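Read through the structure below, which is laid out as structure tokens, and then see the notes.
The values are calculated or read from the model by the stated rules, or taken from the named source; none is laboratory data. Owing to the predicted nature of the structure, the values given are computational and were not obtained by experimental measurement. Glycine also receives a Cβ, built like all others from the backbone with ideal geometry; neighbour counts cover every protein chain displayed.
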Amino acid sequence: MTTENTTGADAIDRAISRGIDFDGSPIPIVKLDLYEQVMGLESSRQRSGVSNTMRSRIVRIGAKHIPQTELDQKLVAAGFAPLKEKEIAFFYGGK
């Protein structure tokens, strides 16, 4: 795959659907089977609401790219709850 195909949120899903990792190697069937099983369970889970899911994604992904204080400020400015102590410990504790 080219760099162009390994960027963006959908790149992983495209690779999984093809069963081929970014380096061109096949993803083992046992891994694909487990992934499909867990994703099947997730697809049937009742959701708590769009705003809650948006905040969770912002925190999970934002913590990889945005410093803790800045992410906390951005959450509050957007009307979301600030970072929780357990989120700070999990996402920023080792940094």
| message | Looking at the structure I just gave you, is ALA11 touching a residue at least 12 places away in the same chain (Cβ under 8 Å) and either surrounded by 10 or more Cβ atoms within 10 Å (Cβ to Cβ) or touching a Cys at 6+ places or on another chain (Cβ under 8 Å) (or both)? | response | no
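Pick out, from segment 15-92, the helices (runs of 4 or more DSSP H) lying fully within it that include 1 or more residues that are among the hydroxyl-bearing types (Ser, Thr, Tyr) and more than 17 Å from the chain's Cα centre (by Cα).
Working: elements: 29-43, 50-65, 68-77.
The qualifying helices (runs of 4 or more DSSP H) are 68-77.
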| message | Please count how many residues of segment 1-14 are within 16 Å of the chain's Cα centre (by Cα), in a helix (DSSP H, G or I) and not hydrophobic (A, V, I, L, M, F, W, C). | response | 3
| In segment 1-31, the residues that are at pLDDT 90 or above and among the polar types (S, T, N, Q) | SER17, SER25
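Taking segment 36-95, which residues are of a type in the set (Lys, Arg), surrounded by 12 or more Cβ atoms within 10 Å (Cβ to Cβ) and more than 30 Å from ARG18 (Cβ to Cβ)? Outline the logic, then answer.
Pass one, segment 36-95, residues of a type in the set (Lys, Arg): 45, 47, 55, 57, 60, 64, 74, 84, 86, 95.
Remaining after also requiring surrounded by 12 or more Cβ atoms within 10 Å (Cβ to Cβ): 55, 60, 74.
Matches in segment 36-95: ARG55, LYS74.
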| remark: With the first residue restricted to segment 42-71 and required to be within 17 Å of GLU85 (Cα to Cα) and in contact (Cβ under 8 Å) with a residue 12 or more places away in the chain, and the second required to be surrounded by 10 or more Cβ atoms within 10 Å (Cβ to Cβ) and small (Gly, Ala, Ser), Cβ contacts under 9 Å at 6 or more apart or on different chains are ARG55/ALA78; ARG55/ALA81; ILE58/ALA78; LEU71/GLY62; LEU71/ALA63
